[in-house]
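Q: Pasting in a structure now, in structure tokens, and then I'll have a few things to ask.
Rule-based calculations on the coordinates, nothing more; no lab input. Being a predicted model, the structure only gives us computed values, none of them experimental. Note: ideal-geometry Cβ built from the backbone for every residue, glycine included; neighbour counts use all protein chains shown.
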Amino acid sequence: NRRVRSVGELLGNQFSLGLTRMSRTIRERLSLRDTEEVTPQDLVNARTVSTVISTFF
């Protein structure tokens, strides 16, 4: 049972992969730093998601 996957489905899968990688990175950074002094800018790096999407194209 083969089917053609739409561009939206493929892109959604890649976006999900990027978010999974980003969440793993955030968890690692939270474990390494003091949680009271951490800002969102210190934790979140959008480059991970943008890299995964750019490799799609």
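Q: If you take the residues in segment 19-45 that are hydrophobic (A, V, I, L, M, F, W, C) and in contact (Cβ under 8 Å) with a residue 24 or more places away in the chain, which one is surrounded by the most Cβ atoms within 10 Å (Cβ to Cβ)?
A: Taking segment 19-45 as the starting set, the residues that turn out to be hydrophobic (A, V, I, L, M, F, W, C) are 19, 22, 26, 30, 32, 38, 43-44.
Within this subset, residues satisfying the condition of being in contact (Cβ under 8 Å) with a residue 24 or more places away in the chain are 19, 22.
Values: Leu19: 13, Met22: 18.
Among residues in segment 19-45 that are hydrophobic (A, V, I, L, M, F, W, C) and in contact (Cβ under 8 Å) with a residue 24 or more places away in the chain, the one surrounded by the most Cβ atoms within 10 Å (Cβ to Cβ) is Met22.
Q: Let me ask another. Under 9 Å by Cβ, and 6 or more places apart or on different chains, what pairs join a residue from segment 2-18 that is in contact (Cβ under 8 Å) with a residue 60 or more places away in the chain with one that is surrounded by 13 or more Cβ atoms within 10 Å (Cβ to Cβ) and assigned to a loop (DSSP other than H, G, I, E, B)?
A: Taking only residues 6 or more apart or on different chains, not a single pair turns up.
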